[in-house]
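What follows is a short report on a single structure.
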Amino acid sequence: MEGIDLNETVTIEDCNEDTGATDKNSNPPTVGFEMFMKSNNLKQEYKAIGVNRKGTGDLEPKSHMMELIRLKCKKGGTDVGSNVTGCKMFVYGKIKDDKFTILKCELEHNHALNPDCSRMMVNYRNIDSTTFKRAMINDMGGVSISKNYGTQFIEKGGFDNIAFNQRDLRNAISVERRKSRFQDSDAAGLDQYFKAQRELNSEFYCSIQKDDDGVFANAFWSDARSRGTCKYFGDVITFDTTFSCNRFRMPFAPFIGVNHHGKSIIFAAALISHEDAPTFVWVFEEFLKCMGKAPKGILTDQDRAIGKAIKQVFLGVPHRLCLWHMLQNATKALGSRKDWPKIDTLIRTAIHDLLDPDEFDEAWTHVMEEYRLSGPGWMKDAYELRRQWAPAYNRGKFWAGMSSTQRSEGMNRFFKTHVNLECGLVLFIKNYEWCMRIKAEEEKQDNYDSIDKIPRLEPDKSVLVEYVLVKSYTNEKFAEVVAERKGLMHTNVTKIDALGTVSFYRADEKLTSPFWRKRFKQYNVKVDKVKGELHCSCNLFEFTGILCRHILKAMDVEDFQVLPEKYILPRWMKQVRSYESLQVSYFDPLESSRLAKAKELSQRQNYLYEMAMRSEEALKLYKEAMDVVRLKMEDAIGIRKTGDTGDDSIFWWDPDARNVFGRRRLRPREFNERALLMNAEEVVGEDVLKTPVDKRHTGRAKTKRNTPFDKSAAGPSKKNQTTQEELAAKEALISSAFGNIPSYRARRDHANNVAGPYLDTGLNNGVLFEDIPQGSQINFSQDNSQAFSNLESYPWCTRL
């Protein structure tokens, strides 16, 4: 019988019963049965080195190691109760002159065959390399296994055209993940990644900390592009560590900031093993070494270890606490009280409405005395820390519009779509790189839109600030300017005093509320037209860098012809910045030659594919031409082939195909986690970085900081809509509680006695204040840095 090359994949159904040889000139349809290896004899040379049936890795038997092989039909067993029929079909062969020669075979079956289900049998299931690469890309992009398989189903045109099932795809992806974890150990792989990044760009900064036993403890890193962004936008950062992102349950701690589009960006990141003060001290010291300077402000949640580390490392840097977490802690501490709804109303009023420190102190003290909360507890602790979280104490400083750590929370949610607790350190850093690539592309798109596209909202040229900033600011920040301009329609200013070149105005702003109950707020505006000085007691410009509506109104009354340059912040301008041209691992400003080659090959292949599908003659011509090209390329590369016509087995076109069964099967033993652990060689040395303990199946200790919020203690849930009676009761409660505050009482009396001329908008189209949309009301102490109201809810008509 004719010999068969060992490097060729043989299909049993292709054996011709008359000649006993494989037919290389035709591909008959499969008969429809599964087979298994009944017996085999290893060559003596492989037995000598320890290869055996239970071996793994290099000691696992392969087909080229066999001297005799006997293959049988899967239904040829004799086990009682199993799905067998005693089928006598078999193929028996041996190795002779490096070729597999079939000595004897029986191809008759005593059971029904199922050729329609051949694609479901393990002998014929495989994943070609192109499909697998695409699946791995989808997996890196956060696509689930089921959706990943669904894309293949749609692309191939049905299940009949797919040579693998969903479980096969899951196994293949798991093998790749497992290989990345055990290659040179997880911690050592991360260290090698850092070294490769430093070779690519010397500006890449990294640091790894080990414990006394040499086990990986903490890591800090920042690439050249991230360090460049910190030079422009690193004045205010947020820091949070609530996200465990890997199999070692090491929290991910990114340093987040705000770029010129109002989007979140990452300056640096850290993986830490403990959330204690010494660890945070190490992380913050590495941040200082990396960036060369401390931020002008840092925003975190209420964690004592972080606070202690900030005081030790960032000397003199303002440290704010997340306002949202403070209110959540208030609900946890006081939510079980019967009078909690009243306390909640007064607390939120004092926080959001009283922006003067003296007024806030008086209101907070009144609530503590009225409801007997002056003793030890949350109210007293929060009052002692008021300078770190209360808007009344922080509106006068620049915080890029941030009052909470929602940017860190949002970035954590973004990363959770790409990583999970099955990730090792190497796989995590690769997914981190992928996320950074997405963020870099988003910023590039935003830069292009700001330069090439006009803003979503048409500027009003009658407003000086808007006319100037439309040419300078990015589209996202200009939208905030437009939002303030739209607030002019329910804002009025009255000149109350003058001192030299300084004019003093009282700004009355009408805020909409349910059932059209008129509510007013009052602010003090100071304008010096000669020196170009502008200030409002709402401190919106100092807090966000955007001029408020009260100043815009006063500038219109003073008839400003030039906007002072210091009120045009370079931070929000659409100018080219140096870091945008830096090349890093996840971002290349210029397309590489490799990508250009891949793009050209893809275009050529797609064109030939479309031509070949037009007719049978074109398809035949395509196959003949591809055979000639394939043989020439195999000769040029040096691939071993059988005969002059090449290897015509199923996978000649895909040497990297992942088979479910056979020599290159989908789940080889050498990549099982148990085998990888057994074969892992422990490297001994003082400088060797050891991988930490796998903690996937161990629970994380619940601390006070990580205890989930008990909704049962929060009292009754809020209703979707507030009734008129409830609103009136709240207003009466606030008036009775804070009516003794002189400034609050003066504003209330002014609002109740305000006359029509004070609120004249100058519009003659009959628009009433009751027609102003609810979306125009703005809470100045809320973090509006990522939330935009409906900016097109009301048209701007004429200059005021």
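Among residues of region 153-171 that are over 11 Å from M120 (Cβ atoms), those with a Cβ under 6 angstrom from a residue that is of a type outside the set (G, A, S) and in a loop (DSSP other than H, G, I, E, B), sequence gap 6+ or separate chain, pair up as K156/I162; N171/L666; N171/R667.
Here is a list: I306, I298. Which entry is touching a residue at least 12 places away in the same chain (Cβ under 8 Å) and in a strand (DSSP E or B)?
I298
All of (1) at pLDDT below 90; (2) open to solvent by 90 Å² or more (accessible area, probe 1.4 Å) hold for V628 with one exception: (2).
Note on region 460-555: enclosed strands (runs of 3 or more DSSP E) holding 2 or more residues that are open to solvent by less than 40 Å² (accessible area, probe 1.4 Å) and β-branched (V, I, T) are 491-499, 519-528.
Those residues that are within 19 Å of the chain's Cα centre (by Cα) and either farther than 18 Å from F415 by Cβ or of a type in the set (F, W, Y) (or both), I need them from region 260-293; list them, please. Those that are within 19 Å of the chain's Cα centre (by Cα) and either farther than 18 Å from F415 by Cβ or of a type in the set (F, W, Y) (or both): H261, G262, F267.
Under the condition of being surrounded by 18 or more Cβ atoms within 10 Å (Cβ to Cβ) and farther than 15 Å from T405 by Cβ, the residues counted in region 319-334 number 3. Only residues that are open to solvent by 20 Å² or more (accessible area, probe 1.4 Å) and touching a strand residue (DSSP E or B) at 6+ places or on another chain (Cβ under 9 Å) were counted in region 305-318, giving 3.
Among the candidates C290, C206, the residue that is without any contact (Cβ under 8 Å) to a residue 24 or more places away in the chain and hydrophobic (A, V, I, L, M, F, W, C) is uniquely C206.
Checking each residue of region 112-127 against the condition of being at positive phi, at pLDDT below 85 and in a loop (DSSP other than H, G, I, E, B) gives no match. Assessment of region 208-227 against the conditions (assigned to a helix (DSSP H, G or I), modelled with pLDDT of 90 or more, open to solvent by less than 20 Å² (accessible area, probe 1.4 Å) and within 22 Å of H319 (Cβ to Cβ)) yields no matching residue. The single condition among (1) open to solvent by 90 Å² or more (accessible area, probe 1.4 Å); (2) more than 24 Å from F33 (Cα to Cα); (3) at pLDDT below 75 that V80 does not meet is (2).
If you go through region 290-304 and keep only what is of a type in the set (S, T, N, Q) and open to solvent by 10 Å² or more (accessible area, probe 1.4 Å), you end up with just Q302. Among the residues of region 264-289, the ones that are open to solvent by less than 20 Å² (accessible area, probe 1.4 Å) and in a loop (DSSP other than H, G, I, E, B) come to 1 in all. Considering region 106-139, the residues that are surrounded by fewer than 17 Cβ atoms within 10 Å (Cβ to Cβ) and hydrophobic (A, V, I, L, M, F, W, C) include one that is farthest from L68 (Cα to Cα), namely I137. For region 449-459, the tally of residues that are touching a Lys or Arg at 6+ places or on another chain (Cβ under 7 Å) and either open to solvent by 30 Å² or more (accessible area, probe 1.4 Å) or without any contact (Cβ under 8 Å) to a residue 60 or more places away in the chain (or both) stands at 1.
Being among the charged types (D, E, K, R) and over 30 Å from K74 (Cβ atoms) holds for only one residue in D139, D116, and it is D139. For beta carbons closer than 7 Å, sequence separation of 6+ or different chains, a first residue in region 174-200 that is more than 15 Å from N431 (Cβ to Cβ) and part of a helix (DSSP H, G or I) and a second that is among the hydroxyl-bearing types (S, T, Y) and at pLDDT below 85, the qualifying pairs are A187/T691; Q197/S585; L200/S585. Scanning region 387-431 for residues that are at pLDDT 80 or above and assigned to a loop (DSSP other than H, G, I, E, B) gives A390, R395, G396, K397, F398, W399, A400, G401, M402, S403, S404, T405. Going by the structure shown, is R348 on the phi > 0 side of the Ramachandran plot and either modelled with pLDDT of 90 or more or open to solvent by 30 Å² or more (accessible area, probe 1.4 Å) (or both)? No. A single entry from T494, T405, T501 fulfils the requirement of being among the β-branched types (V, I, T) and under 30 Å from A270 (Cβ atoms): T405.
The values are calculated or read from the model by the stated rules, or taken from the named source; none is laboratory data. Here the structure is a predicted model, which means the values were calculated and not measured. Every residue, glycine among them, receives a Cβ derived from its backbone with ideal geometry; neighbour counts consider all protein chains shown. Remember, those area values only see protein heavy atoms, side chains included, never the ligands or the DNA or RNA. Shrake-Rupley method; radii C 1.70, N 1.55, O 1.52, S 1.80 Å.
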